[in-house]
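The values are calculated or read from the model by the stated rules, or taken from the named source; none is laboratory data. Quantities reported herein were computed from a predicted structural model and do not represent experimental measurements. We place every Cβ from the backbone using ideal geometry, glycine too, and count neighbours over all the protein chains shown. Accessible surface is based on the protein model in full, side chains and every heavy atom, while ligands, DNA and RNA are left aside. Shrake-Rupley method; radii C 1.70, N 1.55, O 1.52, S 1.80 Å.
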Amino acid sequence: MSDGNTDLSQEARARAYALPLDQLHPGDPTLFRNDAHWPVLERLRKEDPVHYTPDSEYGPYWSITKYNDIMTVDTNHQVFSSEGGIGIGSQESPDGPLPMFIAMDPPKHDVQRKTVSPAVSPMNLAILEPLIRERAG
């Protein structure tokens, strides 16, 4: 008898390796919904650890898939700035773009993070878990 999860994993792996690298879209929500993102990320780590996706529903983006590369990007704000470069859809208001926490670099980011950290502490997230799961569902 065949294990359904194994079949899905094998199908996901076959699809991930059948596509040309330039057609891989690791941010495709369908991959995550179907738990099919693992082989795509595995392939990118092996063959294209700094992968550019030129066209997606969110616009072009880079995927960094190796730990040391992620740490380099995450800790070098002078070279890899988030300022003005991250967004989904329009963030415009009548007064111009809305400031977003995710699109800030230190020191502004640090001040905002200190403010919101208590709200997303493990204890508070445990309290909010039922509501988060309900809304995510």
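Summary table below
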| read-out | value |
| --- | --- |
| Those residues of segment 1-43 which are loosely packed, with under 14 Cβ neighbours inside 10 Å, aliphatic (A, V, I, L, M) and under 24 Å from K66 (Cβ atoms), in sequence order | A14, A18, L19, L21 |
| Any hit, segment 44-66, residues being modelled with pLDDT under 90, open to solvent by 70 Å² or more (accessible area, probe 1.4 Å) and in a helix (DSSP H, G or I) | no |
| Any hit, segment 71-88, residues being part of a helix (DSSP H, G or I), modelled with pLDDT under 90 and of a type outside the set (A, V, I, L, M, F, W, C) | yes |
